[in-house]
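**Student:** I'd like to ask you about the structure that follows.
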Amino acid sequence: MRSDRLARLLDPQSLAFIGGAAAERAIEQSIRMGFEGPMWAVHPTRHEVGGIPTVATVDDLPGVPDAVFVGVNRGAALEAIRALGALGAGVAVCHASGFAEFDDAGGDLQRELVHGAGSMAVVGPNCYGTISMTTGAVLWPDQQGLDRCERGVGFVTQSGNIAVNLTMQRRSLAVAQLINVGNQADVTIEDAMTALAADPRITGIGLHIEALTDARAFAAAASLANERGIPVVALKTGSSAQGAAIAASHTSSMVGSDDAYDALFDRCCVRRVRSVPEFLDTLHVGAMIGPLSGNRIVSLSCSGGEASLVADRAESLDLDFAPFAPEHRARIAATLNDFVAISNPFDYHTFIWGDRDRLTACFTETLAGPHDAAMLVVDFPRSDLDATSWWPTLEAFAAASSTTRTPGVVTSSMAEGLPIEVRRWANDHGLATVADIDTTLRALEATSRSPTAARLPLPAPPPAATVSIGEAAAKRLLAGTGLDVPNTQVVAALPSAAVLAADAVGYPVTVKIAGLDHKSDSAGVHLDLRNADEVRAAVEQLDGLGPELLVEEFIGDSRLEVLVNLRAEYPLGWLLTLGAGGVHTELDRDTVSLLLAATDDEIDAALRSLRIGPRFDGFRGAPPIATVALRSLIAGLSELVSTNRHIREIELNPVIITDERAVAVDAIILREEDHA
């Protein structure tokens, strides 16, 4: 969808409302919010709705509305949408339920709805509606708690109730637009996100996502937002089941589609959060003070315990609480008593508590350094107690932030410590506010991430029933693409046949049962066989496990064993999972995932993020392990799935990395069942 297709919804000049009680509430809300353009009501029998005179049909409207709230049942909605489309209305918001979310017949009606709309955009059906606080247009069948604003964040949600709850937030977060997309029959999350990213009035975008429909469109919208410096925060709920998972795949029990969403968000510089409070606070910080130029943070608190807590909670985050340089420390020390140890996070002690001038001097010198943002930890007392001596701390921090032009966040050790009047005052003075330390740190980390032009993910085929093509066939397919696999022969499970194959392959060899998954668990594999007698003995031990054997080159100069898995995660793309390989893969669960196409730098960074990562740089005197061959193997897999659309998953475990090779010594390939 073009970014301008929803322009008439985000900035409507005229509104229409179709229906009775639901339309009446939407009209009342639009009047209360001060919508200034003409508003028209449509009802077949009533003379007025919400105080507005009605016309009987859409065809009787005195003009062409930019945005329309359609608050009637699904049958009447279908008729109204057709008429609005023919009239040339801008956008219709379809409140009715009973469409694709209900049954197959409802799905047919939903397709009719979209077809009947023609070029008119349709939000919904089965949605609560939309709210524009920049214009006062409230196409919403209920009360809501937002206030008019000139600029603010935009919310896109799939849940109507979450959308209602978001309108009641009390974080002084200016909300310019809210779009509840419902069934996404026409307007999708990606469409709404694109429109918001192009709107100069939008300061941040918050997405509640159950499922995306087009990952490439999502990446393009994220790229537009990043280019404009608009933070994007996602609250992803629910995890889709693995539609084509088969027990033969090690990763099916370890990595799900939720990991694919994480990889997509990471690719697109979208911050994922896990709760509604974190959703609001992260968006609030990003919209108030972001994007930051870096991750260098200074923390101020009147407590060594709070300073230690900040340091502890930030340890796993990509935030830099660098120590003060000697000359900077001296400048700070000049504002304090002799008994204050100066470090970052900084406990400035109680010697200057309540003294606004000394606090301001201390905070200003502290913030006048190479910091990208500052945080103040302060807990105000209960409302029935005297908070007089707390306010100078807040006022001094605001003055220091303004003087040094250092973005500031005010936080507390618990939500009770940051009452609404403190939040409002701080926000009015350009400070973001978050009611707990953990969320503050995560929000600062998100806001400090460098915006990127998100690369589009490699498209993946839709889910389908799958079947394994067998190890021997899998290796032939891999070898045909130029990937490095052991020299392999398939023979009958007879000692004589295995010896002949071993002679042809060349010793040492590996002998294993063909077609047996997790062979090591069933003693179905024998390694490093160096002569005919050892091969015969191995075959005798394998007797009865299967009719065929794989006799293959033994890769003996292993530096490291890794797992490489590539799985289609429709509609997100191809998910590449890398991890510790071999027999302990599922026990260790040391994996990392990213979307294709991935750059060499991204692959190297992913490998080094693993617990086995230090081995790539050399560990305890061992030489570094080159990743060139492994990256080449991954590129070959990418080419393979791009040209063979029937493949749904490839797992190589282990891939043995030597000084010169990355050899897939075991392989599982799942293909669409009808093309196996």
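The values are calculated or read from the model by the stated rules, or taken from the named source; none is laboratory data. Computed from a predicted model, the values in this text were never measured in an experiment. All Cβ positions, glycine included, derive from the backbone under ideal geometry; neighbour counts span all protein chains shown.
**Student:** In region 548-663, which strands (runs of 3 or more DSSP E) lie fully inside it and hold 2 or more residues that are in contact with a Phe, Trp or Tyr (Cβ under 7 Å, 6 or more places away or on another chain), touching a residue at least 24 places away in the same chain (Cβ under 8 Å) and farther than 20 Å from residue 512 by Cβ?
**Tutor:** Numbers: elements: 548-553, 560-569, 573-580, 591-595, 647-657.
By residue number, 560-569.
**Student:** Residues that are farther than 30 Å from residue 227 by Cα, surrounded by fewer than 21 Cβ atoms within 10 Å (Cβ to Cβ) and under 27 Å from the mean Cα position of the chain (by Cα): does region 366-377 have at least one?
**Tutor:** Scanning region 366-377, I find no residue that is farther than 30 Å from residue 227 by Cα, surrounded by fewer than 21 Cβ atoms within 10 Å (Cβ to Cβ) and under 27 Å from the mean Cα position of the chain (by Cα), so the answer is no.
**Student:** Next question. Pick out the one residue from 479, 538, 523, 504 that is in contact (Cβ under 8 Å) with a residue 24 or more places away in the chain and of a type outside the set (Lys, Arg). Break it down stepwise before answering.
**Tutor:** Numbers: 479 fails: in contact (Cβ under 8 Å) with a residue 24 or more places away in the chain; 523 fails: in contact (Cβ under 8 Å) with a residue 24 or more places away in the chain; 504 fails: in contact (Cβ under 8 Å) with a residue 24 or more places away in the chain.
Result of the check over 479, 538, 523, 504: 538.
**Student:** Quick check, is residue 87 under 30 Å from residue 221 (Cβ atoms), out of contact with any strand residue (DSSP E or B) (no Cβ under 8 Å at 6 or more places or on another chain) and either outside the structural domain of residue 127 (by TED's automatic domain parsing) or modelled with pLDDT of 95 or more (or both)?
**Tutor:** Numbers: under 30 Å from residue 221 (Cβ atoms): yes; out of contact with any strand residue (DSSP E or B) (no Cβ under 8 Å at 6 or more places or on another chain): yes; either outside the structural domain of residue 127 (by TED's automatic domain parsing) or modelled with pLDDT of 95 or more (or both): yes.
Taking the combined requirement at face value, the residue satisfies it.
**Student:** Let me ask another. Would you pick out the residues in region 352-384 that are touching a Gly at 6+ places or on another chain (Cβ under 9 Å) and within 12 Å of residue 403 (Cα to Cα)?
**Tutor:** 367 - this is the single residue of region 352-384 that is touching a Gly at 6+ places or on another chain (Cβ under 9 Å) and within 12 Å of residue 403 (Cα to Cα).
**Student:** Return the residue satisfying two criteria in turn: it lies in region 26-64 and is assigned to a helix (DSSP H, G or I) and surrounded by 15 or more Cβ atoms within 10 Å (Cβ to Cβ), and of such residues it is farthest from the chain's Cα centre (by Cα).
**Tutor:** Narrowing region 26-64 to residues assigned to a helix (DSSP H, G or I): 26-32, 58-60.
Subsequent filtering for residues that are surrounded by 15 or more Cβ atoms within 10 Å (Cβ to Cβ) retains 26-31, 58.
Details: 26: 33, 27: 36, 28: 37, 29: 33, 30: 33, 31: 37, 58: 41 Å.
Selected residue: 58.
**Student:** Now for a different question. Select, from 608, 620, 645, the only residue that is among the basic types (Lys, Arg), closer than 29 Å to residue 470 by Cα and surrounded by fewer than 19 Cβ atoms within 10 Å (Cβ to Cβ).
**Tutor:** Matching residue, one of 608, 620, 645: 645.
**Student:** So residue 203 passes all but one of these: (1) in contact with a strand residue (DSSP E or B) (Cβ under 9 Å, 6 or more places away or on another chain); (2) over 22 Å from residue 12 (Cα atoms); (3) among the polar types (S, T, N, Q). Which condition number does it fail?
**Tutor:** If we test residue 203 against (1) in contact with a strand residue (DSSP E or B) (Cβ under 9 Å, 6 or more places away or on another chain); (2) over 22 Å from residue 12 (Cα atoms); (3) among the polar types (S, T, N, Q), just (2) comes out false.
**Student:** While we're on this one: What residue, of 67, 23, is buried (at least 21 other Cβ atoms within 10 Å of the Cβ), at pLDDT 95 or above and over 34 Å from the mean Cα position of the chain (by Cα)?
**Tutor:** Numbers: 67 fails: over 34 Å from the mean Cα position of the chain (by Cα).
Answer to the selection: 23.
**Student:** Provide a single number: the residues in region 460-482 that are assigned to a loop (DSSP other than H, G, I, E, B) and either of a type outside the set (Val, Ile, Thr) or assigned by TED's automatic domain parsing to the domain that holds residue 666 (or both). Full working, then the answer.
**Tutor:** Of the residues in region 460-482, the ones assigned to a loop (DSSP other than H, G, I, E, B) are 460-465, 469-470, 481-482.
Adding the requirement that they be either of a type outside the set (Val, Ile, Thr) or assigned by TED's automatic domain parsing to the domain that holds residue 666 (or both) leaves 460-465, 470, 482.
Residues that pass the stated criteria total 8.
**Student:** Taking into account only those residues within region 473-492 that are surrounded by fewer than 18 Cβ atoms within 10 Å (Cβ to Cβ) and of a type outside the set (Val, Ile, Thr), which is farthest from residue 653 (Cα to Cα)?
**Tutor:** So the first thing to find is which residues in region 473-492 are surrounded by fewer than 18 Cβ atoms within 10 Å (Cβ to Cβ), and the list is 473, 476, 479-482, 487, 492.
If we keep only those that are of a type outside the set (Val, Ile, Thr) as well, we get 473, 476, 479-480, 482, 487, 492.
Working: 473: 16, 476: 16, 479: 16, 480: 19, 482: 18, 487: 17, 492: 24 Å.
Here the answer is 492.
**Student:** Here are the criteria: (1) touching a residue at least 40 places away in the same chain (Cβ under 8 Å); (2) surrounded by fewer than 19 Cβ atoms within 10 Å (Cβ to Cβ); (3) more than 17 Å from the chain's Cα centre (by Cα). Tell me which single one residue 423 does not satisfy.
**Tutor:** It is condition (2) that residue 423 fails.
**Student:** Moving to a separate point now. So which residues in region 613-656 are farther than 16 Å from residue 563 by Cα and either of a type in the set (Ser, Thr, Tyr) or outside the structural domain of residue 671 (by TED's automatic domain parsing) (or both)?
**Tutor:** 642, 643
**Student:** Do you know which residues across region 101-135 are exposed (fewer than 15 other Cβ atoms within 10 Å of the Cβ) and polar (S, T, N, Q)?
**Tutor:** Within region 101-135, 119 is the sole residue that qualifies.
**Student:** Could you count how many residues in region 83-100 are part of a helix (DSSP H, G or I) and farther than 25 Å from residue 62 by Cα? Quick ask: steps written out before the conclusion?
**Tutor:** So in region 83-100, the residues part of a helix (DSSP H, G or I) come out as 83-87.
Add one more test, that the residue is farther than 25 Å from residue 62 by Cα, and what stays is none.
Here the count works out to 0.
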